[in-house]
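Here's the structure, in structure tokens; my notes come after.
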Amino acid sequence: MKHHPAWLAFGLLVFVVLACSLGKKIDTNTNSNSNSNSNSNSSTAVDTGSGAAIKEIHMAKDDGNGAPGDETDSFEAGDRTIHCVVKLKEAKSGTAMRFAWWIVDADGSKNQKIKEIDYKTRALENVVHGHLTLPQDWPVGKYKVQVYVNGDLDKTAFYSVR
């Protein structure tokens, strides 16, 4: 994926805002996608939206190469990169995806948005993932990722860091 200076500037701005608001230096990465055919669905994914466009959603550890690896809903604090993987019911070019990453309750912070990642699908792309990376250990606690499709909340995945 080609990196653009605008995304770098946006990421640095988010880094500064989060560092000030959380009292920690948080570094975030932009989203990436995958055309793999993962058929797993986490039992901890809770539908808090319409569910109209997303067939499956799950969280995954990093495979060591920047792609989603093993499916899980529980991460170690040292798991620097965390992935959210969604499989769409229909592969349609130009579908607007948004991954909204939230702290539910971690390290004294509650119900605080970490970052939003926007992405538009390409032709025949039905599996999309967003990910976040921290340069240090994640604070222990509970988190969620809300996934919006074409502006509507479709599904939410919950996970924890221990």
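The values are calculated or read from the model by the stated rules, or taken from the named source; none is laboratory data. From a predicted model like this one, the values you see are computed outputs, not experimental measurements. Reconstructed Cβ throughout: ideal geometry from the backbone, glycine too, with neighbour counts over all protein chains shown. With ligands, DNA and RNA removed, areas are computed over all heavy atoms of the protein, side chains included. Shrake-Rupley method; radii C 1.70, N 1.55, O 1.52, S 1.80 Å.
Please verify whether segment 72-80 includes one or more residues that are in a strand (DSSP E or B), hydrophobic (A, V, I, L, M, F, W, C), surrounded by 17 or more Cβ atoms within 10 Å (Cβ to Cβ) and under 16 Å from the mean Cα position of the chain (by Cα). Taking every residue of segment 72-80 in turn, at least one turns out to be in a strand (DSSP E or B), hydrophobic (A, V, I, L, M, F, W, C), surrounded by 17 or more Cβ atoms within 10 Å (Cβ to Cβ) and under 16 Å from the mean Cα position of the chain (by Cα).
Would you point out the residue of segment 95-107, among those that are of a type in the set (D, E, K, R) and modelled with pLDDT of 95 or more, that is nearest to the chain's Cα centre (by Cα)? Among those residues, the one meeting the criterion is 98. Hey, among 92, 87, which residue is assigned to a loop (DSSP other than H, G, I, E, B) and more than 13 Å from the chain's Cα centre (by Cα)? That would be 92, the only listed residue that is assigned to a loop (DSSP other than H, G, I, E, B) and more than 13 Å from the chain's Cα centre (by Cα).
In segment 34-44, the condition of being under 16 Å from residue 143 (Cβ atoms) and modelled with pLDDT under 60 is met by at least one residue. Residue 96 fulfils the conditions (1) touching a residue at least 40 places away in the same chain (Cβ under 8 Å); (2) surrounded by 14 or more Cβ atoms within 10 Å (Cβ to Cβ) except for a single criterion, (2).
Within segment 114-125, being open to solvent by less than 80 Å² (accessible area, probe 1.4 Å), under 18 Å from the mean Cα position of the chain (by Cα) and not aromatic (Phe, Trp, Tyr) holds for 114, 115, 116, 117, 118, 121, 125. Looking only at segment 129-155, count how many residues are within 19 Å of residue 53 (Cβ to Cβ), under 10 Å from the mean Cα position of the chain (by Cα) and either of a type outside the set (D, E, K, R) or at pLDDT below 95 (or both). Total meeting the criteria: 5.
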